[in-house]
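Here, each number is a calculation from the coordinates, and none is a lab measurement. Owing to the predicted nature of the structure, the values given are computational and were not obtained by experimental measurement. Don't worry about glycine lacking a Cβ; one is built from the backbone with ideal geometry, like all the others, and counts go over all protein chains shown.
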Amino acid sequence: MFPSRSCLALSLALFVLPATSSVEAQWVMAARAARNRIQQMTQKSDAGGYAVAVVILDAPPAKVYEKTLKSLETHSEITITKHDAKKGKIEIRKDQQVGGFQISALGDNLTQLVFASSIAASGANANSTVVDGILRVCKEVDVKCTVESD
């Protein structure tokens, strides 16, 4: 019985692990195909709403986090309410509007950047606010990003 268990373990290692790696590699390839294209979404109601923009950047996550934080610190009208490099989160406030960046590693040199912001019921174009925020980060990390049309 012992040899059959080791054969089973070896079979699993030989067939299951490469399949898992293949799926992960396909996911990373798909992410690379979508890189540097900003996608956006907005929801408004009488009480307010939110706006979100997402981009996958061809840049190291640590660099994206650092440049985003430094860029935000240069804007006196923005207050950084919380930041955590380990989790890749930066929370901000501008007047009554709140927002946050989530910076996630997809690879050594591949980063997902999400910027979400609340919007007031009478708020101006919230999409432009989050897209402009993402575009500023793209410029800071020296990546040319494009905005996908709705």
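Of note:
- For the range 89-108, the set of residues classified as farther than 21 Å from ARG35 by Cβ and outside any strand (DSSP E or B) consists of ASP95, GLN96, listed by residue number.
- Residues (closer than 17 Å to VAL130 by Cβ and either of a type in the set (D, E, K, R) or part of a loop (DSSP other than H, G, I, E, B) (or both)) located in the range 68-87: HIS75, GLU77, ILE78
- Note on the range 39-58: residues that are more than 10 Å from the chain's Cα centre (by Cα) and either of a type outside the set (Asp, Glu) or assigned to a strand (DSSP E or B) (or both) total 13.
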